[in-house]
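This report concerns only the one structure given below.
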């Protein structure tokens with residue numbers, strides 16, 4: 001491998017403005033209806049049976065790894081499993097938000113059919129509210145063996161992240177390297193505002209955690225080498241080579257040889273692998289692509305950009321996230337305005353705000369200013385709405401796409417997040 005092999009990943013994600021797409025990925029919890037606990041892999045109503053149900057009834061095709069069904073595919077769509085059985089839908093790349101909405105509704109209908117056929121409930125929450133790490137039903141996906149061994153060495157809540165958390169993310173295209181850099185900086189910088197708007201995980205192990213996004217708190221104690229807000233995003237031009245230099249120094253998890261994972265966690269970085277310093281292995285192009293799937297920054301290049309800072313929320317909020325990001329990513333003026341909200345913050349202030357919103361969400365304090373971030377979140381919604389309208393006027397969206405932001409406007413107007421509403425509802429139930 002040479003330097004060009006590492007950089008070639010990025011131009012593959014470049015699109016002309018008129019060809020840019022929007023993709024949504026959303027995880028959710030499938031739980032036993034009686035206990036509220038996650039499903040095991042095997043058994044009459046286990047995850048394996050759920051996968052077969054989707055194949056038998058909805059035309060999904062199984063995908064195996066080392067002889068185990070680990071995912072389903074239907075055209076460009078896929079359903080994959082997170083380590084604790086979290087059920088992730090990865091949608092097709094769409095031209096319009098209406099198509100994202102239609103795809104979500106179809107997925108919901110399939111989940112309704114599952115719920116009607118098996119004693120299973122579907123929870124759209126950022127973390128399993130009842131289970132602890134010791135109760136996770138781990139999926140037999142081969143790559144997770146390495147991660148389970150290595151995660152506890154890097155952070156006290158890494159296994160909770162793997163086995164219990166759920167997120168919703170938006171995937172958007174880039175037009176070139178300058179566009180990549182601009183979106184990486186902006187998307188990382190405003191990430192805490194998005195986390196606050198989508199906070200939906202206040203309960204863990206059956207207890208009120210005192211956090212609004214305990215999922216975000218978990219990520220702060222997962223693996224600082226590969227997750228969160230990398231300093232290079234703010235300290236460099238944040239071009240393709242800057243991202244590559246960062247990823248080269250992220251420790252390896254594994255490589256694949258003859259169809260099987262080889263555990264290399266703790267034995268060096270990808271830079272070491274390229275230099276032949278890792279257990280006699282030599283880097284291959286497919287190793288780089290695999291390695292790039294094991295870095296978890298708040299905004300990740302795949303080579304399109306994944307915006308990964310939100311708790312999963314009820315379905316009415318899923319399309320809202322896609323709309324929010326489309327408005328501020330695909331309209332250049334909106335992107336500049338969104339970045340202006342946070343660009344004067346120091347790196348330490350970005351980090352601190354990221355920690356603060358996990359606990360206080362919209363009530364988190366603004367750096368170097370009186371008051372909370374609530375007005376910033378309202379301003380961010382206005383910026384996105386204007387961006388969506390300009391995109392529609394340019395023929396790259398539908399009129400009234402800003403309607404998808406309505407659920408977020410309700411949040412900033414009331415000051416009540418998904419987590420706040422859920423906590424209030426729980427406290428009002430008769431004991």
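The values are calculated or read from the model by the stated rules, or taken from the named source; none is laboratory data. All of these numbers come straight from a predicted model, not from anything done at the bench. Reconstructed Cβ throughout: ideal geometry from the backbone, glycine too, with neighbour counts over all protein chains shown.
When residue 129 is tested against (1) without any contact (Cβ under 8 Å) to a residue 60 or more places away in the chain; (2) assigned to a loop (DSSP other than H, G, I, E, B), just one condition goes unmet, and that condition is (1). Please verify whether residue 310 is modelled with pLDDT of 95 or more and either surrounded by fewer than 19 Cβ atoms within 10 Å (Cβ to Cβ) or part of a helix (DSSP H, G or I) (or both), treating the condition exactly as stated. Here the answer is no, as residue 310 does not meet what is asked.
Looking at the structure I just gave you, is residue 389 at pLDDT 95 or above, surrounded by fewer than 17 Cβ atoms within 10 Å (Cβ to Cβ) and either more than 26 Å from residue 219 (Cα to Cα) or more than 22 Å from the chain's Cα centre (by Cα) (or both)? Please lay out each step first, then the result.
Values: at pLDDT 95 or above: yes; surrounded by fewer than 17 Cβ atoms within 10 Å (Cβ to Cβ): no; either more than 26 Å from residue 219 (Cα to Cα) or more than 22 Å from the chain's Cα centre (by Cα) (or both): yes.
Against the criterion (at pLDDT 95 or above, surrounded by fewer than 17 Cβ atoms within 10 Å (Cβ to Cβ) and either more than 26 Å from residue 219 (Cα to Cα) or more than 22 Å from the chain's Cα centre (by Cα) (or both)), residue 389 does not qualify.
What are the residues in region 324-366 that are surrounded by fewer than 17 Cβ atoms within 10 Å (Cβ to Cβ) and farther than 23 Å from residue 423 by Cβ, if any? Passing the criteria: 332, 333, 336, 340, 343, 344, 346, 347, 348, 349, 351, 352.
Can you tell me which of 348, 382, 360, 333 is within 15 Å of residue 189 (Cβ to Cβ) and in a helix (DSSP H, G or I)?
Numbers: 382 fails: within 15 Å of residue 189 (Cβ to Cβ); 360 fails: within 15 Å of residue 189 (Cβ to Cβ); 333 fails: within 15 Å of residue 189 (Cβ to Cβ).
Of 348, 382, 360, 333, the one residue that is within 15 Å of residue 189 (Cβ to Cβ) and in a helix (DSSP H, G or I) is 348.
Sub-8 Å Cβ pairs linking a first residue in region 61-82 that is touching a residue at least 40 places away in the same chain (Cβ under 8 Å) to a second residue that is in a strand (DSSP E or B) and surrounded by fewer than 17 Cβ atoms within 10 Å (Cβ to Cβ), at least 6 apart or interchain, are 66/260; 70/63; 70/64, ordered by first then second residue. Checked against the criteria, residue 261 does not count as touching a strand residue (DSSP E or B) at 6+ places or on another chain (Cβ under 7 Å), assigned to a helix (DSSP H, G or I) and either under 19 Å from residue 304 (Cα atoms) or in contact (Cβ under 8 Å) with a residue 12 or more places away in the chain (or both). Here residue 384 qualifies as closer than 26 Å to residue 237 by Cα, at pLDDT 95 or above and surrounded by 18 or more Cβ atoms within 10 Å (Cβ to Cβ). Residues in region 225-240 include at least one that is buried (at least 18 other Cβ atoms within 10 Å of the Cβ), more than 30 Å from residue 131 (Cβ to Cβ) and under 20 Å from the mean Cα position of the chain (by Cα). Of the residues making up region 287-295, one or more are within 22 Å of the chain's Cα centre (by Cα) and surrounded by fewer than 16 Cβ atoms within 10 Å (Cβ to Cβ).
Find the residue count for region 222-241, including only residues that are in a helix (DSSP H, G or I) and without any contact (Cβ under 8 Å) to a residue 40 or more places away in the chain.
First pass over region 222-241, keeping only residues in a helix (DSSP H, G or I): 232-235, 240-241.
Remaining after also requiring without any contact (Cβ under 8 Å) to a residue 40 or more places away in the chain: 232.
Matching residues across region 222-241 total 1.
Just wondering, is there one or more residues in region 255-273 that are buried (at least 21 other Cβ atoms within 10 Å of the Cβ), touching a helix residue (DSSP H, G or I) at 6+ places or on another chain (Cβ under 8 Å) and over 19 Å from residue 151 (Cα atoms)? Yes, because at least one residue in region 255-273 is buried (at least 21 other Cβ atoms within 10 Å of the Cβ), touching a helix residue (DSSP H, G or I) at 6+ places or on another chain (Cβ under 8 Å) and over 19 Å from residue 151 (Cα atoms). Restricting 320, 301 to residues that are surrounded by 18 or more Cβ atoms within 10 Å (Cβ to Cβ) and under 26 Å from residue 129 (Cα atoms) narrows the list to 320.
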